[in-house]
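Single-structure report; data block below.
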Amino acid sequence: MKELDVVKLLENFNGIQAGTIGTIVLKYDEKNYEVEFFDTDGDTIDVLTIHTDLLELHEIN
């Protein structure tokens, strides 16, 4: 994964529901990323540092 990739949250984390979509805004290292999560209207929910084990790349249709 790299900066600006769109990702999906695999488990509930810090009050954000599994399945929520976000964008990687900063890559700290190979395992930790800063991700901005969005609601279905495109509004920012939160920006969190999160481990790659809780994320998967999201295919944009």
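The values are calculated or read from the model by the stated rules, or taken from the named source; none is laboratory data. In this text, all values refer to a predicted model and were calculated from it rather than measured experimentally. Cβ placement follows ideal geometry from the backbone for every residue including glycine, while neighbour counts extend to all protein chains displayed. Quick note on the areas: whole protein, heavy atoms, side chains included, nothing else; ligands and nucleic acids left out. Shrake-Rupley method; radii C 1.70, N 1.55, O 1.52, S 1.80 Å.
Annotations
- Net length available on complete extension from L57 to L26 is 9.7 nm, with 0.36 nm assigned per residue and the Cα-Cα distance removed.
- Carbon plus sulfur fraction of accessible area for the chain, probe 1.4 Å, in percent: 47
- Applying both filters, DSSP loop and at most 16 other Cβ atoms within 10 Å, to the chymotrypsin sites (Phe, Trp or Tyr not before Pro) of the stretch 18-61 gives Y28.
- Heavy atoms of the protein chains alone define the surface here; on that basis the chain has 66 Å² accessible area per residue at 1.4 Å probe size.
- From the coordinates of this entry, mean projected area of the Cα convex hull in nm² is computed, and it appears in [x] 3.7; [y] 4.7; [z] 4.1 under the label [x].
- Amide H contacts under 5 Å for D46: F37, restricted to partners 5 or more places along the chain or on a different chain, H placed in the peptide plane at 1.01 Å from N.
- Where labels lie 7 Å past Cα in the beta-carbon direction, separation of E34 and L10 in nm: 2.4
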